[in-house]
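Enquirer: Okay, here's the structure, questions in a sec.
The values are calculated or read from the model by the stated rules, or taken from the named source; none is laboratory data. In this text the structure is predicted, and so the values were computed from the model without any measurement. Note: ideal-geometry Cβ built from the backbone for every residue, glycine included; neighbour counts use all protein chains shown.
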Amino acid sequence: MVDQALRVVRPRLPDRPDDELTIQVEECLRFLVIASEAGQKFFPLSKEVDEVWHELITETRDYQELCAALPTGRFLHHSGITLSEYAVLHDRRAVVSEMLAWIPTYVSRFGEFTPNRARHWVICTFLQEELGMTLAEINQLGRSAKL
């Protein structure tokens, strides 16, 4: 899946170094796996990974096949809603719970966050910058929380 996605995205984002683009594609695909199982939960990505998702969507046949290969096989629609717009529409505690709830899923399915991967997940950036959590603490949260 990664190689196919890179073939679509690389020519459209030529200014990005290959190693960084590969990580962005991998994190986009990880997001899609989690999102396919999470239903309508909201967990925003970095701008760079969101742009990768946009590029994948433009190749509709390939994107449809990609979605069919996800755990649930369902087509994932993209919404341009921002975190602040989403937070206005939902209870604040519910938004925080939704954003925290997928961390254990990520850690159990893909392993611990590394610095170059965590920065593509808004909740990880928030926990580090606003709450002063270390990446080790975020990974511990992911290991200790019940799925």
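Enquirer: Scan the range 3-22 for residues that are among the β-branched types (Val, Ile, Thr), more than 17 Å from residue 58 (Cα to Cα) and surrounded by 18 or more Cβ atoms within 10 Å (Cβ to Cβ) and jot them down. Show your work before the answer.
Expert: Quick first cut of the range 3-22, residues among the β-branched types (Val, Ile, Thr) only: 8-9, 22.
Filter once more, so that each one left must be more than 17 Å from residue 58 (Cα to Cα): 22.
Selection gives nothing.
Enquirer: Report, by residue number, each residue of the range 97-141 that is closer than 17 Å to residue 30 by Cα and in a loop (DSSP other than H, G, I, E, B).
Expert: Listed by number, the residues that qualify are 111, 112, 113, 114, 119, 120.
Enquirer: Could you list all residues from the range 129-147 that are under 17 Å from the mean Cα position of the chain (by Cα) and of a type outside the set (A, V, I, L, M, F, W, C)? Let's see the steps before the verdict.
Expert: Just the residues of the range 129-147 that are under 17 Å from the mean Cα position of the chain (by Cα), to begin with: 135, 138-139, 142.
Matches in the range 129-147: 139, 142.
Enquirer: Might you check whether a residue that is touching a strand residue (DSSP E or B) at 6+ places or on another chain (Cβ under 9 Å), of a type in the set (D, E, K, R) and touching a residue at least 24 places away in the same chain (Cβ under 8 Å) occurs anywhere in the range 38-47?
Expert: First pass over the range 38-47, keeping only residues touching a strand residue (DSSP E or B) at 6+ places or on another chain (Cβ under 9 Å): 43-46.
When the remaining residues are screened for being of a type in the set (D, E, K, R), the result is none.
Looking for residues that are touching a strand residue (DSSP E or B) at 6+ places or on another chain (Cβ under 9 Å), of a type in the set (D, E, K, R) and touching a residue at least 24 places away in the same chain (Cβ under 8 Å), one finds none in the range 38-47, hence no.
Enquirer: Keeping to the range 120-147, report how many residues are under 19 Å from residue 52 (Cβ atoms) and out of contact with any helix residue (DSSP H, G or I) (no Cβ under 6 Å at 6 or more places or on another chain).
Expert: Start the filter on the range 120-147 by keeping residues that are under 19 Å from residue 52 (Cβ atoms), which leaves 120-125.
Narrowing the set further to residues that are out of contact with any helix residue (DSSP H, G or I) (no Cβ under 6 Å at 6 or more places or on another chain) leaves 121-122, 125.
Looking only at that region, the number is 3.
Enquirer: From the residues in the range 67-117 that are of a type in the set (S, T, N, Q) and modelled with pLDDT of 90 or more, which one is nearest to residue 136 (Cα to Cα)? Talk me through it step by step, then tell me what you get.
Expert: So the first thing to find is which residues in the range 67-117 are of a type in the set (S, T, N, Q), and the list is 72, 79, 82, 84, 97, 105, 108, 114, 116.
The next check asks that each one be modelled with pLDDT of 90 or more; those that pass are 72, 105, 108, 114, 116.
On the way: 72: 31, 105: 16, 108: 15, 114: 9, 116: 14 Å.
Step by step, filter the range 67-117, then rank; the result is 114.
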